[in-house]
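This is the structure I have questions about; it appears just below.
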Amino acid sequence: MAVVPLQTKHTLRRITNNIPTSYRPSLLRLRFTCSVTTTTKSRPTRENLVIVNPPLSRDTALQSTWSHRLWVSAGCTTVFVSFAKSITGGFGSNLWLEPALAGFAGYILADLGSGAYHWATDNYGDKSTPLVGTHVQDSLDHHECPWTITERQFANNLHFMARGTTLMVLPLDLAFDDHVFHGFVSTFAFCVLFCQQFHVWAHGTKSELPPLVVALQDIGLIVSRERHVEHHRAPYNKNYCVVSGVWNKVLDESKFFEALEMVVYLKLGVKPRSWTNPNSEWREETEISKC
Ligand SMILES: [Zn+2]
Ligand SMILES: [Zn+2]
């Protein structure tokens with residue numbers, strides 16, 4: 001039997017270059033792929049050996065801290081207070097249509113807002129950017145290894161948006177009592193707070209997701225895997241919205257973000273990352289490659 005060649009798909013240098021910095025310590029321990037090809041004169045055979053390290057859920061960078069949980073709790077509380085003001089105002093005035101329409105507007109505009117924010121953090125800034133640097137780095141990491149978002153714990157994934165939601169909604173809770181206004185604020189803020197969870201679910205498989213989540217995705221109330229998958233495929237400049245994804249079609253067909261990128265480039269001379277920096281193709285956990 002003639003044995004050979006032993007072939008690794010990536011050299012060690014290549015692997016380390018592509019691992020997000022925040023994940024490197026644990027990823028470096030073992031995650032790699034290699035294939036061994038064996039041949040005999042009479043009957044060639046091929047075996048693929050895949051060695052995978054322990055689940056990334058043990059990676060501390062993906063785990064929730066008490067600080068994360070407190071911010072998520074604070075965000076949920078401010079949203080709940082806003083929602084309660086809208087409901088109690090409805091009972092007091094017996095006017096329900098206006099706050100319901102305001103809530104619907106909040107839901108629709110939150111999807112647009114998620115797309116604009118996602119586009120900005122995907123394309124501009126870095127980890128040193130004031131206020132959003134951490135999230136910019138998280139976005140870059142997500143595009144290096146998309147599937148790892150499913151390994152992030154709940155509060156770890158939501159705490160950044162929870163901070164923004166808390167700081168935005170708390171003053172509004174204290175300053176305003178108008179129930180129509182709070183119909184808009186509570187729905188908008190709820191969608192902003194949970195958009196990263198919707199994003200996580202868009203990376204899940206139907207067989208693993210709760211049936212209610214699958215039903216919400218199927219009727220289009222939250223972004224589905226089918227809608228989000230195109231965001232991680234060439235040319236990497238589409239489907240930025242991650243609440244319902246309802247704005248993606250109109251934004252992509254009108255080339256809204258591409259036009260905005262051209263304006264930014266002409267005015268400031270800054271190129272978006274989507275012009276120069278191809279991201280990873282959509283990969284599943286089982287398709288171990290450069291993650
Ligand atoms: Zn992205
Ligand atoms: Zn994604």
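The values are calculated or read from the model by the stated rules, or taken from the named source; none is laboratory data. Here the structure is a predicted model, which means the values were calculated and not measured. Here the Cβ is made from the backbone with ideal geometry for all residues, glycine too, and neighbour counts use every protein chain on show. Heavy atoms of the whole protein, side chains included, go into the accessibility calculation; ligands, DNA and RNA do not. Shrake-Rupley method; radii C 1.70, N 1.55, O 1.52, S 1.80 Å.
Scan region 62-112 for residues that are crowded, with 21+ Cβ neighbours inside 10 Å and of a type in the set (S, T, N, Q) and jot them down.
Matches in region 62-112: THR78, SER82, SER86.
Tell me, yes or no, whether region 194-201 has at least one residue that is farther than 30 Å from GLY89 by Cβ and open to solvent by less than 60 Å² (accessible area, probe 1.4 Å).
The initial filter retains those residues of region 194-201 that are farther than 30 Å from GLY89 by Cβ, namely 199-201.
Restricting the remaining residues to those that are open to solvent by less than 60 Å² (accessible area, probe 1.4 Å) gives 199-200.
Checked region 194-201: at least one residue is farther than 30 Å from GLY89 by Cβ and open to solvent by less than 60 Å² (accessible area, probe 1.4 Å).
Still on this structure: If we scan region 199-210, do we find a residue that is more than 16 Å from ligand 2 (Cβ to nearest atom) and in a helix (DSSP H, G or I)?
no
Among THR129, THR134, which is the only one that is farther than 25 Å from VAL229 by Cβ, of a type in the set (Ser, Thr, Tyr), over 11 Å from the mean Cα position of the chain (by Cα) and not in a helix (DSSP H, G or I)?
Only one candidate passes the filter, namely THR129.
Could you look through region 128-167, keep only residues that are farther than 23 Å from ASN239 by Cα and without any contact (Cβ under 8 Å) to a residue 24 or more places away in the chain, and pick out the one that is most open to solvent (accessible area, probe 1.4 Å)?
If we take residues in region 128-167 being farther than 23 Å from ASN239 by Cα and without any contact (Cβ under 8 Å) to a residue 24 or more places away in the chain, then LEU131 is most open to solvent (accessible area, probe 1.4 Å).
Considering THR150, THR187, which residue is more than 21 Å from PRO272 (Cβ to Cβ), part of a helix (DSSP H, G or I) and more than 16 Å from ligand 2 (Cβ to nearest atom)?
Numbers: THR150 fails: more than 16 Å from ligand 2 (Cβ to nearest atom).
It is THR187.
Condition check ((1) touching a residue at least 60 places away in the same chain (Cβ under 8 Å); (2) open to solvent by 20 Å² or more (accessible area, probe 1.4 Å)) across all residues:
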position: PRO171; (1), (2): no, yes
position: ALA175; (1), (2): no, yes
position: ASP178; (1), (2): yes, yes
position: HIS182; (1), (2): yes, no
position: LEU212; (1), (2): no, yes
position: ALA215; (1), (2): no, yes
